[in-house]
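S.K.: First the structure, which I've put down as structure tokens, then a few questions once you've had a look.
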Amino acid sequence: MGAQAGDLAVRPVFEHCYTALDGEQARALRMLSGSADPFVSVPAAAGLLGCGPQRAEDALESLVDAGPLIPIGPAHYQMHVLARLFALSLPAP
């Protein structure tokens, strides 16, 4: 990802945020970014992450707290576009 605005590159910001994630959060971010849809429900996340709905919701909420996801309604989330592009550039989980 080479996103840049003038002299400001955003990749280092995403790298810094990504390294602050724990292993489960990092894996969830990489798995969710591979979805064709930037919007994800708890059931869809459970399928992508291979876990139950409660664990998926916990993972999604932890990514909201960390910043790459935005809650958009009950049990629905959206990944920031630049966070998604960054996560897609990472090695597969």
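S.K.: Hey, any hits in the range 46-65 for a residue that's of a type outside the set (S, T, N, Q), closer than 23 Å to Phe14 by Cα and not in a helix (DSSP H, G or I)?
M.R.: no
S.K.: Return the only residue of Ala26, Ala75 being under 18 Å from Pro12 (Cα atoms) and either under 10 Å from the mean Cα position of the chain (by Cα) or of a type outside the set (Val, Ile, Thr) (or both).
M.R.: Ala26
S.K.: Quick one: Pro71 ticks every box in (1) out of contact with any strand residue (DSSP E or B) (no Cβ under 9 Å at 6 or more places or on another chain); (2) open to solvent by 70 Å² or more (accessible area, probe 1.4 Å) bar one, so which box is it?
M.R.: (1)
S.K.: Here's something else I'd like to know. Which count do you get for residues in the range 71-93 that are modelled with pLDDT of 95 or more and under 17 Å from Ala26 (Cα atoms)?
M.R.: Counting residues in the range 71-93 that are modelled with pLDDT of 95 or more and under 17 Å from Ala26 (Cα atoms) gives 2.
The values are calculated or read from the model by the stated rules, or taken from the named source; none is laboratory data. Nothing here was measured: the structure is a model prediction, and the numbers come from that model. Neighbour counts run over all protein chains shown; Cβ positions are idealised from the backbone, glycine included. Keep in mind that these areas ignore ligands, DNA and RNA; they rest on the heavy atoms of the full protein, side chains included. Shrake-Rupley method; radii C 1.70, N 1.55, O 1.52, S 1.80 Å.
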